[in-house]
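Below is one structure; the comments refer to it alone.
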2 protein chains.
Amino acid sequence: MTETVTVREVGLRDGLQMVGAVLDTDRKIEWCRREAAAGVAAIEATSFVPPKLLPQFADAGLVAHAALRIEGLETSALVPNLKGAQRAIDAGLRKIDFVLSASNEHNLRNVRRTTDASLDDFRQIVASRNDGGRRDVALGAGVATAFGCTIEGRVAPARVLAIVEALLEAGADAITIADTVGYANPAQVRALLRDVLALAGSRPVTCHFHDTRGLGLANVCAALEAGVRAFDASLAGLGGCPFAPHATGNIDTEDCVFLLESMGFDTGIDIEQLLALRRDVETWLPGEAFAGAIARAGLPKHFSRAASRVSPVFHEGIL
Amino acid sequence: MTETVTVREVGLRDGLQMVGAVLDTDRKIEWCRREAAAGVAAIEATSFVPPKLLPQFADAGLVAHAALRIEGLETSALVPNLKGAQRAIDAGLRKIDFVLSASNEHNLRNVRRTTDASLDDFRQIVASRNDGGRRDVALGAGVATAFGCTIEGRVAPARVLAIVEALLEAGADAITIADTVGYANPAQVRALLRDVLALAGSRPVTCHFHDTRGLGLANVCAALEAGVRAFDASLAGLGGCPFAPHATGNIDTEDCVFLLESMGFDTGIDIEQLLALRRDVETWLPGEAFAGAIARAGLPKHFSRAASRVSPVFHEGIL
């Protein structure tokens, strides 16, 4: 049996957040639809931030509404605060993700409050959801700058773990650990994620890596070894963080899927269909920079999906 | 104690092999000198191929002569055949590397003979060195397309291991395993390199990865786990193989060193000095494509070399 790994597409949120022009709502919906058709099972479709702050996401409700109707797709959205969470729940989402930064300075620049204040915000969001009788909505919590910060530099693993513990205690249904600025290395990832998984127990843990310094996919491998089986990735490597200089570049979805499938993990995703979608997205976003190696070099000759393989040659090497 | 990993610079050979213009001999020598000044301990300085075939290396003897005089630098060169090996030994080299392809088709296109015929060539080279009383010259043997081939597709690990065994039996003093076309994945690397290391015993094993499909540094990590402690890399990611379509891009030296140092391995190399050299090399090779993430994004804030660290935070994660 081939082991399954989930790749969540975040290009529509983390990617479009960094893009100059506002992408047409219909194209966002087509993007979601074609990700699902390619076999992508989870998508972060939008962000419920104040539209005045990020006009790109003024159509958050519409995109969420349409994405929720796509069969086989788990649609989630980012929420920066209580108001965003309420809007997301009202839009019908069953999975929403709150994010705070382990780096206090990064959190201050990102949402103008301390990490502790953001923790309180998360507790309020949980209380509001529970008071509203909406425990059917899963509340994920993400820890940004978990491996370092362009402003503070080092971020102590003990601090990240304390924040994860506080989020779990507050009622987080899932945890995301993010290398927002591309500082993580595989040794650090393996060590931290082992501890995070131990804290999280049965609650799912996702890793969100950026490829800013070239180590994105090496970090995916390290997280796999620690036991992580869910990753965020962005089509064509779009994305970054507007408050972290040079932090462009989520790991590329096509390359991440290629890595996983070639290692023998079943992602359920057809890379060729992703590449066809990518070619269209490139035309929708003229002037943007796109990353990714598979789009340039093509798949290896005789490449086949992990789930379709029978040769023991390709199974023996799985972790 | 921090563990040591050797990064051998191959930009002057694998990189320049793919470059349009012939680089001035003095610049090649400056390149070698500044690599050594940055702390690089091993360099593949040139290739003893027929000058008519690759005019870039018509100055092989001159470059080798100068590189051999640089203190602290182990200079090696590639040799494709007996004549090249004799020229390299005459030039004073104490380490020469012969390469054949595990893929028979790739070997035919590359050197116009079968892999078996190339194995015979290697035996002849060993015999010629021994007959000449030059056992002080170390004869390395590299296996190209060890993880797959753009012409043949899959290459069986059993075939690679049989070739490694034959090379060792023939008298190879060191083995290099090369992903010439960028097909390798970390699971495959870990499995194959464990077996290669077991065969090689005390004879050193180097991995030579290309980043064609984005997995170069992830493959370095997998090889580290298998026990490999020596890697080839090319400044600015220059390089490829003229007979393998799209196979541009050795792993980038600066990024590889960043990976290793951030994981806590001591390479002895100063990344800032590499970056300064890279900036000059870029001006020497106008019109060429350069890769690498660290050159674009810069080192993380508070980054320090592995050997200079005292904080246990950065040691706990070592493999």
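The values are calculated or read from the model by the stated rules, or taken from the named source; none is laboratory data. Predicted model only: the values in this text are computed from it and were never measured. Here the Cβ positions follow ideal geometry from the backbone for every residue, glycine too, while neighbour counts run over all protein chains shown.
Among (1) surrounded by fewer than 22 Cβ atoms within 10 Å (Cβ to Cβ); (2) in contact with a Leu (Cβ under 7 Å, 6 or more places away or on another chain); (3) in contact (Cβ under 8 Å) with a residue 24 or more places away in the chain, which single condition is B:Gly61 missing?
Condition (2) is where B:Gly61 drops out.
Can you tell me which residue within region A:289-301, out of those that are in a loop (DSSP other than H, G, I, E, B) and small (Gly, Ala, Ser), is surrounded by the most Cβ atoms within 10 Å (Cβ to Cβ)?
Here the answer is A:Gly292.
What residue, among those in region B:154-173 that are touching a Leu at 6+ places or on another chain (Cβ under 8 Å) and over 15 Å from B:Arg123 (Cβ atoms), is nearest to the other protein chains (Cβ to nearest Cβ)?
Keep residues of region B:154-173 that are touching a Leu at 6+ places or on another chain (Cβ under 8 Å), which gives B:157, B:160-161, B:163-168, B:170-173.
Going one step further and asking which of them are over 15 Å from B:Arg123 (Cβ atoms), we end up with B:157, B:160-161.
On the way: B:Pro157: 7, B:Val160: 11, B:Leu161: 12 Å.
Here the answer is B:Pro157.
Any idea which of (1) of a type outside the set (D, E, K, R); (2) touching a residue at least 40 places away in the same chain (Cβ under 8 Å); (3) in a helix (DSSP H, G or I) is the one B:Phe98 doesn't satisfy?
Of the numbered conditions (1) of a type outside the set (D, E, K, R); (2) touching a residue at least 40 places away in the same chain (Cβ under 8 Å); (3) in a helix (DSSP H, G or I), the odd one out for B:Phe98 is (3).
Can you work out which of the residues in region A:175-190 that are in contact (Cβ under 8 Å) with a residue 60 or more places away in the chain and not polar (S, T, N, Q) is nearest to A:Ser76 (Cα to Cα)?
The residue in question is A:Ala178.
Could you check how many residues of region A:224-234 are under 14 Å from the mean Cα position of the chain (by Cα) and either surrounded by 24 or more Cβ atoms within 10 Å (Cβ to Cβ) or of a type outside the set (Lys, Arg) (or both)?
Number satisfying all stated conditions: 6.
Please specify each residue of region A:182-229 satisfying the condition of being within 11 Å of chain B (Cβ to nearest Cβ), farther than 21 Å from A:Asp14 by Cα and among the charged types (D, E, K, R).
Answer for region A:182-229, where residues must be within 11 Å of chain B (Cβ to nearest Cβ), farther than 21 Å from A:Asp14 by Cα and among the charged types (D, E, K, R): A:Arg190, A:Arg194, A:Asp195, A:Glu225.
Taking the criterion of being assigned to a loop (DSSP other than H, G, I, E, B) and within 17 Å of A:Ser234 (Cα to Cα), would at least one residue in region A:23-30 satisfy it?
So the first thing to find is which residues in region A:23-30 are assigned to a loop (DSSP other than H, G, I, E, B), and the list is A:23-24.
Then keep just the ones that are within 17 Å of A:Ser234 (Cα to Cα); that gives A:23.
Yes, that holds for at least one residue.
For region A:154-174, which residues satisfy the criterion of being out of contact with any Phe, Trp or Tyr (no Cβ under 9 Å at 6 or more places or on another chain), in contact (Cβ under 8 Å) with a residue 12 or more places away in the chain and part of a loop (DSSP other than H, G, I, E, B)?
If the condition is that a residue be out of contact with any Phe, Trp or Tyr (no Cβ under 9 Å at 6 or more places or on another chain), in contact (Cβ under 8 Å) with a residue 12 or more places away in the chain and part of a loop (DSSP other than H, G, I, E, B), then A:Asp173 is the only one that fits.
What tally of residues in region A:195-242 results from selecting those that are touching a Lys or Arg at 6+ places or on another chain (Cβ under 7 Å) and of a type in the set (Asp, Glu)?
Of the residues in region A:195-242, 2 are touching a Lys or Arg at 6+ places or on another chain (Cβ under 7 Å) and of a type in the set (Asp, Glu).
Residue-wise test of (1) at pLDDT below 95; (2) buried (at least 23 other Cβ atoms within 10 Å of the Cβ); (3) of a type in the set (Val, Ile, Thr); (4) not in a strand (DSSP E or B).
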site	(1), (2), (3), (4)
B:Leu199	no, no, no, yes
B:Phe209	no, yes, no, no
B:Thr212	yes, yes, yes, yes
B:Asn219	no, yes, no, yes
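Being at pLDDT 95 or above, buried (at least 19 other Cβ atoms within 10 Å of the Cβ) and part of a loop (DSSP other than H, G, I, E, B) is the filter here; which residues of region B:133-153 pass it?
Residues satisfying the conditions are B:Thr145, B:Phe147.
Suppose we filter region A:101-113 for residues that are part of a helix (DSSP H, G or I) and more than 16 Å from A:Arg123 (Cβ to Cβ); how many remain?
Going through region A:101-113 one residue at a time, the tally reaches 6.
Go over the candidates B:Arg194, B:Arg213 one by one and state the one that is without any contact (Cβ under 8 Å) to a residue 40 or more places away in the chain, of a type outside the set (Phe, Trp, Tyr) and under 26 Å from B:Arg278 (Cβ atoms).
The unique qualifying residue is B:Arg213.
Restricting to region B:9-22, name every residue that is hydrophobic (A, V, I, L, M, F, W, C), more than 10 Å from the chain's Cα centre (by Cα) and in a loop (DSSP other than H, G, I, E, B).
Hits for region B:9-22 are B:Val19, B:Ala21, B:Val22.
Under the condition of being buried (at least 17 other Cβ atoms within 10 Å of the Cβ) and β-branched (Val, Ile, Thr), which residue from region A:86-120 is nearest to A:Thr180 (Cα to Cα)?
Result: A:Val99.
With out of contact with any strand residue (DSSP E or B) (no Cβ under 9 Å at 6 or more places or on another chain), part of a helix (DSSP H, G or I) and of a type outside the set (A, V, I, L, M, F, W, C) as the only criterion, which of A:Ser128, A:Ser118 stands out?
Matching residue, one of A:Ser128, A:Ser118: A:Ser128.
Regarding region B:242-264, can at least one residue be identified that is modelled with pLDDT of 95 or more and farther than 26 Å from B:Tyr183 by Cα?
Yes, that holds for at least one residue.
Return yes or no: is A:Gly268 part of a loop (DSSP other than H, G, I, E, B) and crowded, with 20+ Cβ neighbours inside 10 Å?
no
Residue under question is B:Pro286, and the condition is that it be surrounded by fewer than 23 Cβ atoms within 10 Å (Cβ to Cβ), within 28 Å of B:Val164 (Cα to Cα) and out of contact with any His (no Cβ under 7 Å at 6 or more places or on another chain); does it hold?
No: the conditions fail for B:Pro286.
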